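Notes for the one structure printed next.
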Amino acid sequence: MEHLRERIVDGTLAMGAALSERRISEELGVSKSPVREALAQLRDEGLVLIEPQKGARVFTLSKTEVEQICDFRQAIEAAAFELALKRNPDSLAEEMASTVQQMRDAQERGDTRRYLALDTVFHQLIFKYAGNDYLAASYARFVGKIAALRTHLSDLPQHTELSFEEHRSLAQAVQKRDMKTIKTLLMDHIDRTRQTYSNLPNGVGVTSP
């Protein structure tokens, strides 16, 4: 399951790609049973689609679904930020600053895969320090799909540069405990994903509604 999840998240398995139980079992040297179980779990996470008589494939998204994911992220991340700033502001600020520095280092090395992994870590910190298991579990259910979307966007011109500046600004606002600015930056950050996807042509992982 972890092997397949990582390959979907990092783009090795492209959106819409067919997933053969036989080929995966041969590649990993396991029987089809654990492969089938892994695909079922990844289906529950939204990373795999399984259709009767058609088999399994990597997820694709309609533009409507992308809109809904962005709505979900804005609502749940804003709520978690409020709690994290109340309960663990110093730890949140310290770890976010450290993560942003690591993101800068990865960006300067041209290590996009590492940068994207740190992007995921950055947003998970909000839930780590919010101290609410229900919010954390809700986000965790979709974190793989959100990470795969980041990978899908990463090849677009200036995406990483804009992403880094947005994360740096968020970390600075956390240092100042400025929730009003945090919320504005977070909404704009996620809206950029929304707008970018709305401008993508069909056939690159985004399908018609």
The chain: calculated mean residue ellipticity at 222 nm from DSSP helix runs of at least 4, using -39500 (n - 2.57): -23500 deg cm²/dmol
Anyone know which of GLY16, GLY29, GLY46 comes out most mobile in the 10 Å Cα GNM of the chain? GLY29
Angle between the Cα long axis of helix 63-87 and the longest principal axis of the chain, 0 to 90 degrees, nearest 10? 40 degrees
Residue-wise, which Karplus ³J(HN,Hα) couplings in Hz belong to region 93-98, taking 6.51 cos²θ - 1.76 cosθ + 1.60, θ = phi - 60°, and x for glycine or proline? 4, 5, 6, 5, 4, 5
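Which trypsin sites (Lys or Arg not before Pro) from region 35-117 combine a DSSP loop assignment with at most 12 other Cβ atoms within 10 Å?
Numbers: sites: ARG36, ARG43, LYS54, ARG57, LYS63, ARG73, LYS86, ARG87, ARG104, ARG109, ARG113, ARG114; in loops: LYS54.
Sites meeting the loop and neighbour criteria: LYS54.
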Gaussian network model of the chain, springs between alpha carbon atoms under 10 Å - residue of SER91, SER33, SER169 with greatest fluctuation: SER33
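Determine the shape class of region 62-200: with a ≥ b ≥ c the square roots of the Cα gyration tensor eigenvalues, call it rounded for a/c under 1.5, and otherwise prolate if a/b is greater than b/c, oblate otherwise. Could the numbers behind the result be given before it?
On the way: a/c = 1.61, a/b = 1.17, b/c = 1.37.
It comes out oblate by the Cα gyration axes.
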Quickly work out the THR181-to-THR196 label distance, labels modelled 7 Å from Cα along the C-beta direction, and quote it in nm with one decimal. 2.4 nm
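Bear in mind that the values in this text are calculations on the coordinates, not laboratory data. Predicted model, so just to flag it, every value in this text is computed and none were measured. Note: ideal-geometry Cβ built from the backbone for every residue, glycine included; neighbour counts use all protein chains shown.
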